[in-house]
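Colleague: One structure is given below, represented as structure tokens, and several questions about it will come after.
The values are calculated or read from the model by the stated rules, or taken from the named source; none is laboratory data. Since the structure is predicted, the reported quantities are computational estimates derived from the model, not experimental observations. Neighbour counts run over all protein chains shown; Cβ positions are idealised from the backbone, glycine included. All accessible areas refer to the heavy atoms of the entire protein, side chains included, with ligands and DNA or RNA removed. Shrake-Rupley method; radii C 1.70, N 1.55, O 1.52, S 1.80 Å.
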Amino acid sequence: MLLLLLAAWAPVADALLEPMESKYAALTVWPQERQIEAVVVLGGGWQPERSWSITGRLSESSGIRLMEGLRLWHQRPDLPLLVSGGGPGPEMTMAHGYAEAAEALGVPPERIVELASPNDTAAEAKAVQALLGGGAQVLLVTSASHMPRAVRHFEVAGLVPVAAPTHYLANRAEGFGLAYWVPSAPELRKTERALYEALGLLAIQWEH
């Protein structure tokens, strides 16, 4: 019970998650010194069966990742926008959801490349490498906590990723009022995220 309370406590959750989220600095401007070949937005979650608008069907992390990817892509609209993520059917994949949303937000369909087969980060890295070739420099967009693992997967696959982290979760409290010191489910999810990513880093050696 004590461990559960600590895991759901903001000071502990932030201390576990913040080092992962801060490993790579936010990419506020386009890296002009790099020969970027594509903007890559990694998959998250979405609910294709819902009757909601396309933005409503994207999960929070997916929506923020796509928004950051589009922000960066608009600075170099001559590059392809690679959107990734599998699913149970052609129009049920995460990549298809991203593509539909990107088109609705003004990206020409010919600039969008759907990578619809990968179901995990290792497979996403391999799919990008198969498309662009080894040594390709790509702007990699994913959640800040997931970025260390994603960068490592892309490096192992022979790519040169330039990190563009987004969807920060740690240290978002406005002040240190009573709510900050009371254990809560959102803080427990942050601790879960940190542990999941730490275990994922350990498992990379078996995924390639």
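Colleague: Scan Glu207, Glu192 and give me the residue that is under 23 Å from Gln47 (Cβ atoms) and of a type in the set (Asp, Glu).
Modeller: None of the other options fit; the residue is Glu192.
Colleague: Name the residue, out of Leu195, Leu202, that is more than 19 Å from Leu66 (Cβ to Cβ), assigned to a helix (DSSP H, G or I), out of contact with any Gly (no Cβ under 6 Å at 6 or more places or on another chain) and without any contact (Cβ under 8 Å) to a residue 12 or more places away in the chain.
Modeller: Leu202
Colleague: Next question, about the same structure. So which residues in the range 47-58 are open to solvent by 40 Å² or more (accessible area, probe 1.4 Å) and touching a Gly at 6+ places or on another chain (Cβ under 9 Å), if there are any at all?
Modeller: Passing the criteria: Gln47, Arg50, Thr55.
Colleague: Quick check on this structure: which one of Ala123, Ala164, Ala179, Ala170 is of a type in the set (A, V, I, L, M, F, W, C) and in contact with a Lys or Arg (Cβ under 7 Å, 6 or more places away or on another chain)?
Modeller: Of Ala123, Ala164, Ala179, Ala170, the one residue that is of a type in the set (A, V, I, L, M, F, W, C) and in contact with a Lys or Arg (Cβ under 7 Å, 6 or more places away or on another chain) is Ala170.
Colleague: Given (1) among the hydroxyl-bearing types (Ser, Thr, Tyr); (2) in a helix (DSSP H, G or I); (3) within 14 Å of the chain's Cα centre (by Cα), where does Tyr24 come up short, assuming only one miss?
Modeller: (2)
Colleague: Search the range 176-202 for residues being among the small types (Gly, Ala, Ser) and at pLDDT 90 or above, and hand back the single one that is surrounded by the most Cβ atoms within 10 Å (Cβ to Cβ).
Modeller: Here the answer is Ala194.
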